[in-house]
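Asker: Mind having a look at this structure? Questions to follow.
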Amino acid sequence: MTVYRLDQLDQHKALVQCAQDMQRPQAHLKHLIAAPDRLQNYSVRGGGLFLDFSRQRLDDRTRDLLFSLEELLGLRERFGMMAGGAKLNVTEKRAVLHTAARSFDHAPVLVDGKDVLPEIRRVRDQIKRFSDQVHSGRIAGAGGKPFRHVVVIGIGGSYLGPEFVSTALAPLADRNITLHYLANVDIDNFGAVAKAIDPPTTLWVVISKSFTTAETSANTAQAEQFMRGHGLDPAKHMVSVTAKGSPGDDPARPVLQTFHMFDFIGGRYSVTSAVGGVPLSLYLGYERFEAFLKGAAEMDRHALDAPVERNLPLIAALISVWNTTCLGYQQQAVIPYSSPLAKLAPHVQQLNMESNGKAVDIEGQLLPKPAGVVIFGEPGTNAQHSFFQLAHQGRPFPIDFIGVLRPHFTQYDARSKGVTNHQELWANMLAQARALAIGAGHDDQARFFSGNRPSSTLLLDDLSAENIGRLLSFYEARTVYEGFIWGINSFDQFGVELGKKVADTLRGEMVQKNDRSEYGFEAADPISKFYLEKLFEKK
Ligand code: F6P
């Protein structure tokens with residue numbers, strides 16, 4: 001029998017035993033981190049980033065047991081199969097090739113015997129040409145005015161990744177274009193965007209792999225009506241990013257250009273495809289988008305090639321599974337000490353939770369415990385003044401601290417309490433990781449800190465496009481490796497379907513009511529009926 005799940009290995013039992021041993025007082029983090037060579041033995045540099053896991057609840061035996069899983073579960077081998085075009089998305093019979101989206105190699109990547117790279121390069125060239133033409137004014141808005149606003153319509157994977165990257169790199173945006181996102185179907189989201197733009201100089205980028213997502217369809221309809229209301233032709237103010245043959249890839253719905261996505265790149269893994277490519281190239285210039293791709297490609301190579309003891313995303317995945325499955329932490333936080341990384345946590349939240357929130361393994365067998373973990377986060381130090389009370393004295397949760405050595409803005413250097421803002425930020429980041437690990441004694445229980453609360457620290461040299469690419473790829477590879485360890489399919493998302501189906505029924509009820517005011521929501525269940533009646537109540 002091929003073993004592909006951690007819980008099927010003898011090493012799993014050994015790890016459960018290790019988890020029990022870690023409850024002993026002498027295994028408290030304050031003792032573990034006191035070892036003089038702790039940092040040296042529990043940190044690693046690679047793929048352009050540095051990962052310190054010295055403040056995780058690991059001793060040498062546990063760490064080595066975790067590392068042994070790489071070979072036993074064939075983790076890098078599976079990563080290699082994924083990057084080579086194997087159909088690891090077994091339920092949808094699809095390859096998983098987000099790594100190909102940022103490949104600049106010429107060795108073919110075959111899916112069903114066909115090299116996918118030429119098509120990827122064609123779309124990249126199309127993005128370059130299009131964004132250059134928008135920047136030079138050759139492609140312009142009504143009356144030949146250059147485009148000054150770009151509104152991205154899309155949700156989930158067609159939104160969160162681009163928003164993370166554009167926020168991280170916003171200080172580099174020098175193309176005189178303001179970027180807006182229209183994700184939620186909430187009309188107040190539309191209203192806020194409509195208020196902020198100048199219609200004749202606005203380009204709308206509709207991003208939807210399926211082009212059937214209710215929120216995106218509603219917002220697109222709203223945008224088209226808005227343009228017509230301003231005397232503008234939507235076909236001249238809109239581009240689409242969608243799968244070949246989708247309802248959005250239809251000559252009957254003319255747009256300025258259509259950029260194709262591929263069925264082998266899932267929404268939450270699609271930032272380095274046209275999904276990120278179109279808005280990011282318009283906002284930052286194609287060269288920066290390409291630099292971002294190159295950073296991601298470097299981390300991809302590292303994730304595949306580096307042996308486990310030097311492999312950042314693989315180590316992070318092993319630790320994540322250890323914390324969740326063996327130590328029983330149900331949540332993890334992503335806390336960047338960098339405001340430009342404010343949208344990293346929402347992106348990782350979707351990437352990881354939609355990928356790994358699963359109840360069955362890749363063969364459809366029920367897992368002994370559901371996979372996945374709750375992920376949330378906010379930038380520090382803001383997070384300290386929000387939920388860190390609970391982090392220190394309430395339910396513990398492991399944290400990824402993310403530090404940036406050089407911020408975007410280095411010219412503002414006033415000192416307060418003898419330090420610059422950036423130094424103050426770092427003092428706090430270092431303090432939190434240490435305080436959570438060591439705790440503090442006190443006679444008064446209300447002032448007592450148990451400590452022994454784990455964290456890792458990930459370091460970026462700066463916020464260059466390359467480093468944001470590395471960071472993106474780090475979290476993607478970590479997510480994929482976690483899925484391999486749990487033995488699940490991290491690439492489907494059937495869990496989002498049920499809610500959509502129920503919404504279809506309720507929408508049907510609303511349509512009937514819109515058509516016939518006497519309709520009494522006969523097909524709705526009594527609880528939903530109560531709310532529908534409230535919504536349609538005449539004021
Ligand atoms: O939330 C479910 C989901 O299908 C995500 O996986 C996806 O990223 C998002 O909706 C948007 O889908 P689409 O790009 O097809 O509009």
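Asker: Can you give the FRET efficiency for residue 192 and residue 104, using 1/(1 + (r/R0)^6), R0 = 35 Å, r = Cβ-Cβ distance, to the nearest 0.05?
Answerer: Given R0 = 35 Å and the Cβ-Cβ separation, E is 0.35.
Asker: So how far apart, in nm, are the two label points at residue 510 and residue 461 if each is 7 Å from Cα heading toward Cβ?
Answerer: 5.1
Asker: Please list, ordered by chain and number, the residues whose modelled amide H lies under 5 Å from the amide H of residue 402; skip anything fewer than 5 residues away on the same chain.
Answerer: Correct list: 335, 337, 458.
Asker: Once you have the Cα-Cα distance between residue 435 and residue 527, take 0.36 nm times their residue separation minus that, and quote the gain in nm to one decimal.
Answerer: Taking 0.36 nm per residue and subtracting the Cα distance, the gain is 28.4 nm.
Asker: Round to a whole angstrom and tell me the spacing of the C-alpha centers of the range 398-437 and the range 29-96.
Answerer: 27
Asker: I need the P(r) histogram for the range 98-291: all alpha carbon pairs, bin width 5 Å from 0 out to the longest distance, whole percents.
Answerer: 1, 8, 17, 22, 22, 16, 8, 3, 2, 0, 0
Asker: Sticking with this one: Specify whether the C-alpha gyration tensor of the range 68-112 places it in the rounded, prolate or oblate class, a ≥ b ≥ c being the square roots of the eigenvalues: rounded for a/c under 1.5, otherwise prolate if a/b is larger than b/c and oblate if not. Could you put the intermediate results ahead of the total?
Answerer: Numbers: a/c = 2.54, a/b = 1.36, b/c = 1.87.
Verdict is oblate for the range 68-112.
Asker: Using 19 Å as the Cα-Cα cut-off, could you pick out the over-long pairs in 145/236; 500/539; 513/534?
Answerer: 500/539
Asker: Want the number for residue 93 to residue 496: 0.36 nm per residue separation, take away the alpha-carbon distance, what's left?
Answerer: Roughly 143.2 nm would be gained on extension.
Asker: Accessible area, 1.4 Å probe, largest first: how do 209, 93, 294 sort?
Answerer: Most to least solvent-accessible, the answer reads 93, 294, 209.
Asker: Let me ask you something else. Regarding the range 467-539, what's the average projected area of the Cα-atom convex hull, expressed in nm²?
Answerer: 8.9
Asker: If you don't mind, another one. So how many Å³ per residue does the convex hull of the Cα atoms of the chain work out to?
Answerer: Measuring per residue, one finds 197 Å³ for the Cα hull of the chain.
Asker: Which whole-Hz ³J(HN,Hα) couplings does the range 340-345 yield from phi under the Karplus relation 6.51 cos²θ - 1.76 cosθ + 1.60, θ = phi - 60°, glycine and proline marked x?
Answerer: Here the 3J(HN,Hα) series is x, 8, 4, 9, 5, 4 Hz.
Asker: Continuing with this model, one more query. Mind checking the alpha-carbon convex hull of the range 186-231 and giving the volume per residue in Å³? Working shown, then result.
Answerer: Working: hull volume 3.3 nm³, N = 46.
Hull volume normalised by residue count: 71 Å³.
Asker: Which FRET efficiency value, to the nearest 0.05, do you get for residue 443 and residue 9 by plugging their Cβ-Cβ distance into 1/(1 + (r/R0)^6) with R0 = 45 Å?
Answerer: 0.50
Asker: Evaluate the relative contact order of the chain (contact order divided by residue number), counting alpha-carbon pairs under 8 angstrom at least 6 apart; express in whole percent.
Answerer: 20
Asker: In addition: Expressed as a whole percent, how much of the Cα-Cα distance distribution for the range 218-357 exceeds 27 Å?
Answerer: The proportion of pairs with Cα distances above 27 Å equals 40 percent.
The values are calculated or read from the model by the stated rules, or taken from the named source; none is laboratory data. Predicted, not measured: the structure shown is a model, and the values here were computed from it. Cβ coordinates were reconstructed from backbone atoms using ideal geometry, including for glycine residues, and neighbour counts include every protein chain displayed. Just so you know, the surface numbers come from the protein's heavy atoms only, side chains and all, with ligands and any DNA or RNA stripped out. Shrake-Rupley method; radii C 1.70, N 1.55, O 1.52, S 1.80 Å.
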